[in-house]
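Step one of this worksheet: look at the structure below.
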Amino acid sequence: MGMLNFCFFFSLLKCWDFLIEVKMLQTQQEATVLVSKLLKIPPLKALTLFKSSIEQGFHQTHLSFSIILDGLLSYNSLSGAQSLILQLVSGRITSPHFTVPSLLDHLTHTQFFNSTPLYEIVINAHLQSQLTEQALIFFYQMIDKGLVPSSNTFNSILSSVIKNGSFEKAWLIFEESMGKEYLDMHTFGIVIKGCCEYGDLNGAFEALAKLKQMGWRPNVVIYTTMIDGCFKHGDAGRAKELFSTMSVEGIIPNQYTYTVLLNGFFGEGLKIDGFELYEKMKLDGVFPDIYTYNSLINVYCSDGKVNKAFELFDEMRHNGVVYNVVTYNTLIRGLCREKRVLEAERLVDQMKQAGLHPNLITYNTLIDGYCSAGKLDKGLTLFNQIKSRGLTPTSITYNTLIAGFSRAGNPSNIVDFVREMEERGIYPSKVTYTILIDAFARSNNMEKALEVFSRMHKAGLSVDLCTYGALIHGWCSQGNMKEASKLFLSMSEYHLQPNDVIYNMMIFGYCKEGSSFRALKLLKEMVENGMIPNGASYCLTIEVLCNDGKWKEAEVLVSGMTKFGLKPSVSSCDLIQKAKNVTT
């Protein structure tokens, strides 16, 4: 019985092998027919036939693929060849007769295909498929065979390597290629931009030096990129030097260069430099564009000089520069900060008349303006407008409303907003929790404030100085310095150092409690940590010291105030004199 089963199984295997041989023979015959057709017709028609055969389920071979590719390259149809290789690399063309690596190996090692165009097509296909490492393998094969890639191909490789986060590898490839004919100005631009993005300013300056050593003159794009990089990494000095070098080398800054410099100066707080540059820009005949104007308007609005911002707004219209949403939003923010909310709303109407649509930032700014002005009903109306116009409120929208209603002492609305946030899938942020903690602390509900604080921890959010400040302020206001002190001391557990605001809160609390020793201790600690206590902290501490008869310590504090440019109040001086009279 066993022998019969074995014989039957062996017969089946022989039949199966025969079927495979027949199928292979059929495939080879089909391949021969296809190949002969491909050889007889023009390359573009051959490509159509080739694609049609794939759609009909025909499995291509090394030979059929080689023929169609050779025809396309001979016909100089690089786009067709590129499309074919890209389909292969991305897995849209498959066959049991080859793997992608085996076919590419066959193509690149066949003498006839040992050409630069083929390699470049293969490299670019891998880059488009985000297969940078494989693209590098073919790049090095090219170099080993003495083939020279085009600048575009080499630059694409560099860009892809940097984009993948391998900047150090990109720098090595760049250094290995120094002096090669495929390097161009764009190559240096890519490397310098990469250096700036990764914070390697020294590398950027080294690349600039290499560029000059090759006898090339850096263009305005390279200088602007480096200036931007210097400002982004806090080196305004080097940015200024680069701008001066441009002038020496006769390279004319463009609008973008000036805008980068303006944003850099303003970002570093160098406003005088920024406005002087603006005047120089106009003298040099470079007309400010929308980005330049928006930068200047933002500075004026941030400094509370909204009227000056509107002068620029008028200048834009006069110079034919079209406003955008950012221009309007910046001016609306400036007006709202000055509590000129009705003017801000009129500006929104003007914005609509100009064909621009208010966005979420517009509405959030107006809501904040109305809430800050105590007009909560208007804030709610705008909030409902957001939803009715198909916009989705963000955590910023909710935080603005929560902060507004908390200032008005309206806890029920606050809870409703938090609930709605969560229903919309918007999780309360650190800012949300801090606003809630501050709201409950101000309403003397420390139990609820601590409950929110606990929820914040459970949500995995890190606490910050604002969070601690809100809780400490709550305990100090209630006169519970024991709990305030516990929180104050626990800050170090979260690697937080109290700032001057928190120190002043604690000093106020101890003075209110009448504890001159603790108040004086914290005041001295502030000064030792490089902070300046405010006038109220000095005056209150002097008062409790005098109440305890410690007028000598109070006099030392008066000297300290004077040293920091603070003027002691008349009442503080009177208290010291009275304390002296009592003890002498």
| query | If you take the beta carbon distance between ASP574 and GLU451 as r and set R0 to 56 Å, what does 1/(1 + (r/R0)^6) give as a FRET efficiency, to the nearest 0.05? | reply | 0.75
| From the square roots a ≥ b ≥ c of the eigenvalues of the alpha-carbon gyration tensor of the stretch 443-584, which class results: rounded (a/c under 1.5), prolate (a/b over b/c), or oblate? | prolate
| query | In bins 5 Å wide, starting from 0, what share of all Cα pairs of the stretch 262-336 does each bin hold, as a percent? | reply | 3, 17, 28, 27, 18, 6, 1, 0
| Can you give the angle from 0 to 90° between the axis of helix 167-176 and the longest principal axis of the chain, with both taken from C-alpha atoms, to the nearest 10? | 50
| Contour minus end-to-end for ASN581 and LEU342, with contour as 0.36 nm per residue of separation and end-to-end as the Cα-Cα distance? | 80.2 nm
| message | Just to check I understand the Karplus step: with θ = phi - 60° and J = 6.51 cos²θ - 1.76 cosθ + 1.60, what whole-Hz values come out for the stretch 552-557, glycine and proline as x? | response | 5, 4, 5, 5, 4, 5
| query | Gain in length, THR116 to THR94, computed as 0.36 nm per residue apart minus the alpha-carbon separation, to one decimal in nm? | reply | 5.4 nm
| task | Could you do me a favour and compute the accessible area per residue for the stretch 504-564, 1.4 Å probe, result in Å²? | result | 50
| Tell me, how many Å apart are the Cα centres for the stretch 502-546 and for the stretch 385-430? | 38
| request: With θ set to phi - 60°, apply the Karplus curve 6.51 cos²θ - 1.76 cosθ + 1.60 along the stretch 418-431 and write out the HN-Hα couplings as whole Hz, x wherever there is a Gly or Pro. | output: 5, 4, 5, 3, 5, 5, 7, x, 9, 7, x, 8, 4, 5
| remark: Note: the stretch 378-534, point scatterers on Cα, Debye, no solvent; log10 I/I(0) at q = 0.09, 0.15, 0.18 Å⁻¹ equals -0.35, -0.82, -1.05
| query | In what sequence, largest accessible area first, do SER492, SER159, SER406 appear using a 1.4 Å probe? | reply | SER492, SER159, SER406
| field | Computed helical MRE - 222 nm, the chain, DSSP H runs ≥ 4 contributing -39500 (n - 2.57), nearest 500 | value | -24000 deg cm²/dmol
| request: Starting at the first residue of the stretch 98-110, write each ³J(HN,Hα) from the Karplus equation 6.51 cos²θ - 1.76 cosθ + 1.60 with θ = phi - 60°, in whole Hz, x for Gly and Pro. | output: 7, 9, 4, x, 5, 5, 5, 5, 4, 5, 7, 10, 7
| said: Quick check for me: using +1 on Lys/Arg Cβ and -1 on Asp/Glu Cβ, what's the dipole size of the chain about its Cα centre, in debye to the nearest 20? | reply: 1060
| Rounded, prolate or oblate (a/c below 1.5 giving rounded, otherwise prolate when a/b exceeds b/c) for the stretch 64-145 by Cα gyration tensor | rounded
| message | Over the stretch 286-422, what is the relative contact order in percent, taking alpha-carbon pairs closer than 8 angstrom and at least six residues apart? | response | 16
| note | log10 I(q)/I(0) for the stretch 166-280, Debye formula on C-alpha points only (no solvent), q = 0.14, 0.16, 0.18, 0.21 Å⁻¹, two decimals, reads -0.57, -0.72, -0.88, -1.13
| request: Compute the distance in nm between two label points, each set 7 Å from the Cα along the Cα-to-Cβ direction, one at GLU181 and one at LYS482. | output: 8.7
| note | Mean shadow area (nm²) of the C-alpha convex hull around the chain is 46.6
| task | Highest first, please rank the peptides 131-137, 243-249 by the mean number of other Cβ atoms sitting within 10 Å of their residues. | result | 131-137, 243-249
| field | Where N is the number of residues in the stretch 257-296, Cα Rg divided by 2.2 N^0.38 Å | value | 1.01
| query | Under the definition of Cα pairs under 8 Å and six or more residues apart, what whole-number percent is the relative contact order of the chain? | reply | 4
| Simple label model, 7 Å out from Cα along Cβ direction - VAL501 to ASN152, nm | 5.6
| query | Taking the Cα atoms of the stretch 346-411, what is the range of coordinates along each of the three principal axes, in descending order and whole Å? | reply | 39, 22, 15
| request: With N denoting the number of residues in the stretch 407-490, provide Rg(C-alpha) divided by 2.2 N^0.38 Å, to two decimal places. | output: 1.08
| query | Relative to the longest principal axis of the chain, what angle (0 to 90°, nearest 10) does the C-alpha long axis of helix 376-388 take? | reply | 10
| note | If one compares the long axis through the Cα atoms of helix 255-267 with the longest principal axis of the Cα atoms of the chain, the angle in degrees, nearest 10, works out at 40
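The values are calculated or read from the model by the stated rules, or taken from the named source; none is laboratory data. This structure is a prediction, so every number in the text was calculated from the model and none was measured. Glycine also receives a Cβ, built like all others from the backbone with ideal geometry; neighbour counts cover every protein chain displayed. SASA here: full protein model, heavy atoms, side chains in, ligands and nucleic acids out. Shrake-Rupley method; radii C 1.70, N 1.55, O 1.52, S 1.80 Å.
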